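The values are calculated or read from the model by the stated rules, or taken from the named source; none is laboratory data. Small disclaimer: the values here were computed from a predicted structure and weren't measured. Virtual Cβ from ideal backbone geometry, glycine too; neighbours counted across all protein chains shown.
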Amino acid sequence: MSLNRKPITSRDIMELCGSAAYKKGEELYQADRIQDLTYHPNTMEYNAVVKGNKKYNVKVSKDPFGEVEASCTCASFQNYYTNCEHIAGVLCEIMDVERKLANTSQQPVKSDVLDKATLGSADADIEEARQIQLQMLQSRAREEKYRQTDAFLALFQGEMARDQTGYQPIAGQKEHLQVEFICRAVSDYLRPSVLTLEMRMGPKKVYVVQKMKAFLQHVDEGEPHEFTKMFTYDPELHGFRPEDQEVIDILLNIYRNEWIVLESWGSPSAYTSFNHERELLIPPAQWDRLLKKLVQVDTQFFQNDRNCGPLTLRDEEERIPLIFQFQEAREDGYQLDIYGFEDLMILDHYGYCVIEGQLCRLQGKEEKRIADMNRIFHNVPHLLISQEQMEPFMERVLPSLQQIGQVRITQEIQDRLTMHPLKTKVYLDRNLQEHLLVRVEYGYGNIVIPQTPEGAKSAKDIDVILIRDSEKEALIEALMNTIASRPHRDRYLFEHEEDIYNFLYHVLPQLERHAEVYATAAIQEVMYTPSQASSGPKASVNMKGDGTWLEVGFSMEGLDRQEIQQLVHAIMEKKKYYRLSTGAFVSLEQEEFQEFGMLLTQLGVKKSEVKGPQIAVPVLRGLQLEDQGEHLKGIKFGKEFRQLMEHLKHPEELEFDVPATLAPILRDYQQHGFQWMKTLAHYRFGGILADDMGLGKTLQSITFILSEQQKDEMERMPTLIVCPASLVFNWERECRKFAPELKVSVVIGDKQERAERIEALFPNSPNYRRKPDVLITSYPLLRRDIEHYEQLTFGALFLDEAQAFKNHASQTSQSVKQLRAERRFALTGTPIENSLEELWSIFDAIFPELFTSKKVFHELHREQVAKMVRPFILRRMKRDVLTELPEKIETLQTTELYPEQKKLYAAYLEKLRKQATKELVEEGFPKSRMKILAGLTRLRQLCCHPALFVEDYEGSSSKMEQLFEIIEECMSSGKRMLIFSQFTGMLEIIRSMLARMGLPCFYLAGDTPVEERLEMCSRFNEGEHDIFLISLKAGGTGLNLTGADTVILYDLWWNPAVEQQAADRAHRMGQKNVVQVIRLITQGTVEEKMYELQQKKKDLIDQVIQTGEGATTSLTEEDIRELLMI
């Protein structure tokens, strides 16, 4: 056993467990109560048994730096998760063991079992210690052998003990103890009154629980508690009735959280009003729950030291016996006398009071008011009320007092009380300076009281006590003070235009709910609303001209062109109102104007584009309104525009004819794809067909091309297909297979040959009579021949594997954008691999009108991008449309580097870490990125096979050994495999090993000619050879290898989309077997980190194309730091 390097000290134990637990733990250790201490080096964990009234299992984990984590099966630890005395005792034992082992020898002891006897004294000889250790191992083995027998005997130990004492309860039952509870309400002059609880219990005679906390602790830990020599509570023998147990459970919870109570109420020693040993303070938060249980058991209630009998609750419907008496004072004014507080005990924080020995619940605000009144009247016999105070006193205080207790008013006062309903009147007018004047009056019968900016005035010169509606008056006053004003002859004066608008359109509608409003004609003239006018605002959206523009119209009766332009500008500036030339306010916060403002925002209209009632915007901007129909109910959308939106949502509604030769072949989802492309073409839009690999993007495209070529000859135009070089002949073959009537020309060969084939499309060419319907070329050849292509205009352009020009700055991307075509489509299963900018680059080539510039694109939120591209990307997954396609099972298989690999890997990793740290500090991430990536590639090669770059390496590779185990298993099961690696050197090593084993295979790398690739694929699919070695980047796209049912990814690629493409060479249409995809990873290496990075990237396409949430970028500095753990 190799012990942890940092030994445990007594100071460590005290910090971990606290002084009290440490002291008890040391006593357990001294008493030899720590048994069976064992150590497991693999997990760096100690196990021990602590023997007390019960046996407790303790686990201690200790790392090489001395960090300790522990657990115990005792109740104290399970409830509080604090280190108990049992853990402290085990730590004392470990401390002693580590000290003696250090004195005995620095050599590791080979056993997992530690014992004091084993270690011997500090001067013991090492060999002798080892002999003793061996003997103890044998002894422990014998103990383990008979441990179950010991456990079985223990079942009958308690029975023998009971036989000896003469106590024999019914088998399987515990004796229920009698329990009495005493609840005490304790008043304290220094603090609020509190509630406490004490207990008595026993088998027949009940005994006082002298130390409540000690008893609860023993119950919590399942230990006995001695009451007297005549009675000891023993959890093995005694139990409680269920209703008593429920009370005790609550008390246990209070005890466990007592420190919270003490923080609020002060230390126990500060109390003098109750016995802290026998009584437990009840926290207010626990009182309601406890009370429900106490009334169901034997509970006596005490008010201080007076026994009030059994605990009972007063009926809540009964009024509290408080009497409030109003009468005239001996001098001027009035006075209020309160009787009954001397018989009340208020329990402020509990929400109760004690009345005549009974508990009474206080309701809501009543609780605080009674407590506050009690404090006010504690030293004052009565309350004096002046003449001015009497009115608000009657309004505000009297209703609350009537709810609390009995109110008595002398006849003299009752005769002067008067009460009428409040009627508020508001008068509006304008002065010569066009300022707004507002007068507010409160009417109570014949009494009128003005409300001014300084406040409501009192009723004067009346010999009555007026009961006013202060609550409603306060509401009116608050509304009037919402907007700043100044007083003007008992009126509110609003001088500023914006304040006048806010009052008329925001405050006034609220005032009208509570008051009668009277407005002069001058006020009515400045309040324009669409509902009052003969015709409100009208907004519309219609297609214009050839269908490439939208006309957004806005009109209001009585407004000329210039005023409408200014009003629309105000809407766009999000102003709250517009002042007409007549002086009338138009509230732009009303629904009609808000909807029009939302429409303009959605369409991206700029102020410079507004020149009158009609605004022209490109039709593409209107597509952003797709989901806004419900929010723009007041806008009238023209028929043509609504048709456009509907057709983009449901392309099948236009019902383009599918070519007769292909109609029986196409699946339903492929027909939908054809209709979608024809719909976009109809409206001169471009799009991305982003179906999952294997769903027939090529076939859907050929169907579109054939339908275009079946038009009248005058309308026909040639189609250009651009694809990776490896797919040129695949396209030709697919065209001849599905549309043999098409004249297809593949632009290959030398410069002269290619030029002749392209020039066949020029009318003045001698070969024009034999002009092709379809031209197929590759991206590299397009770059070379772009001067010819840019002179032509094609009817349709198809860009296959569009990720080839995802870098907008590349020559390929620039060449593609120079092509002219009426309809453009991109085909790719991965429109986004690393960043959103890749999506922009593709759209910039096929549909540049969608995002007018890269700057505009970057200013958009991800959700906006998702919304804009949704009509122009069609993406279906195999799982959604090919329910008959067999499932794909993906597994991850890991292996550990061989020792010689580990040494090389560790040395190179350390070197790369230092180099990377230095480079990042000195050069920065952009300059050092490629060097670091090259270093990471070396690490990955070491995982694959060190022979990839380590000269004269003669060892093996754990991953390659694992690969050949899988190959052997697959071969024996009749499986056929595709093995992918990005390192051609690794494929050569595998190929060489297969040859030595006599296993033939196909091999495809980047330099494999295109014709040879197609031939190998056909031969493999026909059953020749069972293994196909493929370079990940060279063969990850465009190949159909459904003859395989197992895909092995020997090493990982940074982007999971590349691996997905590789796996889908086999998992595609035509596959009849379940496809298993196996990824090989070496443990504890950069490959594991790469796999984690993949998981962050793999959902990027769904995030943008479907939901528009989340974020993923290409390899960042943070990624590299995570990979290298620097």
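The number of residues in the range 826-857 that are surrounded by 15 or more Cβ atoms within 10 Å (Cβ to Cβ) and either in contact with a Gly (Cβ under 6 Å, 6 or more places away or on another chain) or small (Gly, Ala, Ser) (or both) comes to 7. Per the listing LEU504, LEU466, the residue uniquely modelled with pLDDT of 90 or more and outside the structural domain of TYR578 (by TED's automatic domain parsing) is LEU504.
In the range 290-306, which residue that is surrounded by fewer than 16 Cβ atoms within 10 Å (Cβ to Cβ) and farther than 14 Å from ILE248 by Cβ is nearest to the chain's Cα centre (by Cα)? It comes out as LYS292. Checking ARG430, ARG439 one by one, the residue that is in contact with a Phe, Trp or Tyr (Cβ under 6 Å, 6 or more places away or on another chain) and closer than 19 Å to VAL507 by Cβ is ARG439 and no other.
Per the conditions (1) under 24 Å from GLU715 (Cα atoms); (2) in contact with a helix residue (DSSP H, G or I) (Cβ under 7 Å, 6 or more places away or on another chain), the sole criterion not satisfied by PHE794 is (2).
Mind listing whichever residues of the range 320-335 are touching a helix residue (DSSP H, G or I) at 6+ places or on another chain (Cβ under 8 Å) and either surrounded by 15 or more Cβ atoms within 10 Å (Cβ to Cβ) or outside any strand (DSSP E or B) (or both)? ILE320, PRO321, LEU322, PHE324, PHE326, GLN327, ASP332, GLY333, TYR334, listed by residue number. Scanning the range 596-628 for residues that are of a type in the set (A, V, I, L, M, F, W, C) and in a helix (DSSP H, G or I) yields a total of 9.
Taking the stated definitions as given, is SER981 in contact with a helix residue (DSSP H, G or I) (Cβ under 9 Å, 6 or more places away or on another chain), under 21 Å from ASN730 (Cβ atoms) and assigned by TED's automatic domain parsing to the domain that holds PRO899? Answer is no for this residue.
For the range 467-490, filtered to residues that are crowded, with 19+ Cβ neighbours inside 10 Å and of a type in the set (D, E, K, R), the residue that is nearest to the chain's Cα centre (by Cα) is GLU473. So which residues in the range 934-948 are surrounded by 14 or more Cβ atoms within 10 Å (Cβ to Cβ) and either farther than 18 Å from LEU892 by Cβ or among the charged types (D, E, K, R) (or both)? The answer is GLY935, LEU936, THR937, ARG938, LEU939, ARG940, GLN941, LEU942, HIS945, PRO946, ALA947, LEU948. Evaluating TRP287 against the criteria (1) at pLDDT 80 or above; (2) loosely packed, with under 13 Cβ neighbours inside 10 Å; (3) aromatic (Phe, Trp, Tyr) leaves one unmet condition, (2). Can you confirm whether the range 321-340 contains a residue that is within 54 Å of the chain's Cα centre (by Cα) and either assigned by TED's automatic domain parsing to the domain that holds GLU180 or over 30 Å from GLN245 (Cβ atoms) (or both)? Among the residues of the range 321-340, not one is within 54 Å of the chain's Cα centre (by Cα) and either assigned by TED's automatic domain parsing to the domain that holds GLU180 or over 30 Å from GLN245 (Cβ atoms) (or both), which makes the answer no.
Considering every residue within the range 924-931, establish whether at least one is part of a loop (DSSP other than H, G, I, E, B) and surrounded by fewer than 20 Cβ atoms within 10 Å (Cβ to Cβ). There is at least one residue in the range 924-931 that is part of a loop (DSSP other than H, G, I, E, B) and surrounded by fewer than 20 Cβ atoms within 10 Å (Cβ to Cβ). For first residues located in the range 560-583 and without any contact (Cβ under 8 Å) to a residue 40 or more places away in the chain and on the phi > 0 side of the Ramachandran plot, partners that are not in a loop (DSSP other than H, G, I, E, B) and not acidic (Asp, Glu) and lie 6+ apart or on another chain with Cβ distances below 7 Å form the pairs LYS574/GLY597. Being at pLDDT below 85, of a type in the set (Val, Ile, Thr) and assigned by TED's automatic domain parsing to the domain that holds ARG99 is a description that applies to THR43.
Looking only at the range 967-1003, residues that are modelled with pLDDT under 90 and surrounded by fewer than 18 Cβ atoms within 10 Å (Cβ to Cβ) come to 7 in all. Taken together, the residues in the range 965-1009 that are of a type in the set (D, E, K, R) and within 21 Å of LEU1039 (Cβ to Cβ) amount to 5. Residues in the range 11-53 that are in a helix (DSSP H, G or I), acidic (Asp, Glu) and over 43 Å from the mean Cα position of the chain (by Cα) were compared, and the one that is surrounded by the most Cβ atoms within 10 Å (Cβ to Cβ) is GLU26. Of all residues in the range 974-1014, which are in a helix (DSSP H, G or I) and of a type in the set (Gly, Ala, Ser)? Selection gives GLY985, SER992, ALA995. Can you find a residue in the range 341-364 that is exposed (fewer than 14 other Cβ atoms within 10 Å of the Cβ), basic (Lys, Arg) and under 53 Å from the mean Cα position of the chain (by Cα)? No; the residues of the range 341-364 include none that is exposed (fewer than 14 other Cβ atoms within 10 Å of the Cβ), basic (Lys, Arg) and under 53 Å from the mean Cα position of the chain (by Cα).
Residues that are among the aliphatic types (A, V, I, L, M) and part of a helix (DSSP H, G or I) within the range 284-311 comprise ALA285, LEU290, LEU291, LEU294, listed in sequence order.
One residue stands out among those in the range 405-418 that are assigned to a helix (DSSP H, G or I) and out of contact with any Phe, Trp or Tyr (no Cβ under 8 Å at 6 or more places or on another chain): the one that is surrounded by the most Cβ atoms within 10 Å (Cβ to Cβ), which is ARG416. The number of residues in the range 1069-1126 being polar (S, T, N, Q), at pLDDT 60 or above and part of a loop (DSSP other than H, G, I, E, B) comes to 5.
Each residue in the range 1007-1041 was checked for being touching a helix residue (DSSP H, G or I) at 6+ places or on another chain (Cβ under 8 Å) and within 22 Å of LEU827 (Cβ to Cβ), and 14 of them qualify.
Note on the range 519-533: residues that are in contact with an Asp or Glu (Cβ under 9 Å, 6 or more places away or on another chain) and either modelled with pLDDT of 80 or more or among the polar types (S, T, N, Q) (or both) total 5. Can you say whether GLY673 is surrounded by 14 or more Cβ atoms within 10 Å (Cβ to Cβ) and outside the structural domain of ILE564 (by TED's automatic domain parsing), as far as the supplied structure shows? It is true that GLY673 is surrounded by 14 or more Cβ atoms within 10 Å (Cβ to Cβ) and outside the structural domain of ILE564 (by TED's automatic domain parsing). Taken as a whole, the structure places PHE857 among residues that are among the hydrophobic types (A, V, I, L, M, F, W, C), outside the structural domain of PHE964 (by TED's automatic domain parsing) and out of contact with any Ser or Thr (no Cβ under 7 Å at 6 or more places or on another chain). The residues of the range 711-729 that are in contact with a strand residue (DSSP E or B) (Cβ under 8 Å, 6 or more places away or on another chain) and of a type outside the set (Val, Ile, Thr), listed by number, are ARG716, MET717, PRO718, LEU720, CYS723, PRO724, ALA725, LEU727, PHE729.
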